[in-house]
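Data first, discussion second: the structure below is written as structure tokens.
The values are calculated or read from the model by the stated rules, or taken from the named source; none is laboratory data. The shown structure was predicted, so the numbers you read here are calculated from the model rather than taken from an experiment. Neighbour counts run over all protein chains shown; Cβ positions are idealised from the backbone, glycine included.
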Amino acid sequence: MHNDFDELLNRKGTDCLKWDGCAARFPGLDTSGALPMWVADADFRAPREVVERLTQMAGFGVYGYPAPLREEFAGALKSWLHRRHKLEIKKDWVLFSPGVVPSLNIAIQTFTDEKDGIIIQPPVYYPFKRSIEANRRKAINNPLIYKDGRYLMDFDGLAEKAADKNNKMLILCSPHNPVGRVWEESELRRLRTVCAENGVLLFSDEIHSDIVFAGHTHLPALALGTEKIVTAFSMSKTFNLAGLHASAVVIPDALLRQKFRDWLRRSSMESGGSFGVQAFIAACRYGEPYLEEMLSYIEESISFAREFTAKNIPCARFVNMEGTYLAWLDFNGSGLAPDVIDKTVVEKAKVLGDLGRWFGEEGAGFVRLNFACPRAIVKQALENLQKAFQA
């Protein structure tokens, strides 16, 4: 194997949120000896080609203002989307952004007004609701339907909420975090039809689009039409580059794109830092072999975890992971109240996962665990959970 995903890296003391930020995230808990499996970054080194490019830049020793690499940046993404997702875009559709969540906040401020409604589908990535409310908009919940261990969109509810003229935007998480769904073409077509018929702008967060497992294919929402859509892409999950703050926004509509660009220019955020941009470009150009190895490794961890859970933690249900490296475990079969489940996971098992209710009340009794880590950590976490729920 070219990349050693089993390597146990010591990330403590490296300005690392995942490992150094546990006490702040779980106040009052003794986090010594705990396993951080919460925030969605990986305990893997980035691809060698990315590290070499950044090392070369750091060694030069001059870190002045960068020249915007719009053509190179856009071209790298264009080529990546063509190779990985069979999506054809134009380079002039691409804008730089420092991150997907900043992109969402810019879109909210640019394309909606205060008190407008923005539709989300919980349980869903909690910065969606936080961003909506921080910008004085209204989060309109259209919960996913949990049926037979799988999540589906509630299209009847979606149509009803989209028909309300006060609701101006829908945020799609694709693949969906935390439930791991990779949306099928029929689902995406239906969603896009609902948005189009009601004049609702679609913001599609596709940050996890490269983390998709065998038997499933990510279809960019943009492949089904270019009307009233803003799509955010990033290499941060795929290649563990979140700390470099570089992502891309693709907006086919010239008027919408200009409005978004105007916001970036006013805020001096249009070009980004040299290290983030160069890492993004290098990852797009050279990262596919690394990605294929990582996907294979994580799939093996998923297979192990699914079997271990079924055999040793009968009160838990391992929701099928179609995409993302984020496992979604349902502990409601334990018969315990959601707050007791949370305490059992965090305090007894000392497994620091993202608690289900952070993603909306629909997530009560669930826990999200980050599997982008050495398998030894996955194994230890599951063994801790086994002991905690048997006690």
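Data for the structure
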read-out: Single unsatisfied condition, C315 versus (1) assigned by TED's automatic domain parsing to the domain that holds Y65; (2) in contact (Cβ under 8 Å) with a residue 40 or more places away in the chain; value: (1)
read-out: L81 being loosely packed, with under 13 Cβ neighbours inside 10 Å and modelled with pLDDT of 95 or more; value: no
read-out: Count - residues of the range 35-61 that are surrounded by fewer than 20 Cβ atoms within 10 Å (Cβ to Cβ) and either among the small types (G, A, S) or modelled with pLDDT under 95 (or both); value: 3
read-out: Test result for A282, assigned by TED's automatic domain parsing to the domain that holds W80 and either touching a helix residue (DSSP H, G or I) at 6+ places or on another chain (Cβ under 6 Å) or polar (S, T, N, Q) (or both); value: yes
read-out: Qualifying residue in the range 290-302 (condition: under 16 Å from L355 (Cα atoms) and surrounded by 16 or more Cβ atoms within 10 Å (Cβ to Cβ)); value: no
read-out: Answer from T238, T217, T193, T231 - the residue that is buried (at least 22 other Cβ atoms within 10 Å of the Cβ) and over 27 Å from W19 (Cβ atoms); value: T231
read-out: Count of the range 55-66 residues which are part of a loop (DSSP other than H, G, I, E, B) and in contact (Cβ under 8 Å) with a residue 12 or more places away in the chain; value: 2
read-out: Criterion (of a type in the set (A, V, I, L, M, F, W, C), assigned to a loop (DSSP other than H, G, I, E, B), assigned by TED's automatic domain parsing to the domain that holds H208 and closer than 30 Å to Y126 by Cα) met by exactly one of I106, I89; value: I89
read-out: Pairs where the first residue, in the range 359-379, is not assigned by TED's automatic domain parsing to the domain that holds Y126 and the second is acidic (D, E) and in a loop (DSSP other than H, G, I, E, B), C-beta under 6 Å, 6+ apart; value: C373/D43; P374/D6
read-out: Residue in the range 15-25 that is out of contact with any helix residue (DSSP H, G or I) (no Cβ under 8 Å at 6 or more places or on another chain), closer than 16 Å to T344 by Cα and modelled with pLDDT under 95 present; value: no
read-out: Test result for K147, under 23 Å from G180 (Cβ atoms), modelled with pLDDT of 95 or more and not acidic (D, E); value: no
read-out: Hits in the range 301-350 - residues which are within 20 Å of I377 (Cα to Cα) and β-branched (V, I, T); value: I302, T309, I313, V319, T324, T344, V345, V346
read-out: Scope the range 13-54; condition in a loop (DSSP other than H, G, I, E, B) and more than 23 Å from the chain's Cα centre (by Cα); matching residues; value: G13, P27, G28, L29, D30, T31, S32, G33, A34
read-out: Output for the range 236-260, where each listed residue is without any contact (Cβ under 8 Å) to a residue 60 or more places away in the chain and in contact with a helix residue (DSSP H, G or I) (Cβ under 7 Å, 6 or more places away or on another chain); value: T238, L244
read-out: Selection status of A76, crowded, with 20+ Cβ neighbours inside 10 Å, touching a residue at least 60 places away in the same chain (Cβ under 8 Å) and outside the structural domain of Y126 (by TED's automatic domain parsing); value: no
read-out: Test result for E270, out of contact with any strand residue (DSSP E or B) (no Cβ under 9 Å at 6 or more places or on another chain) and surrounded by fewer than 18 Cβ atoms within 10 Å (Cβ to Cβ); value: no
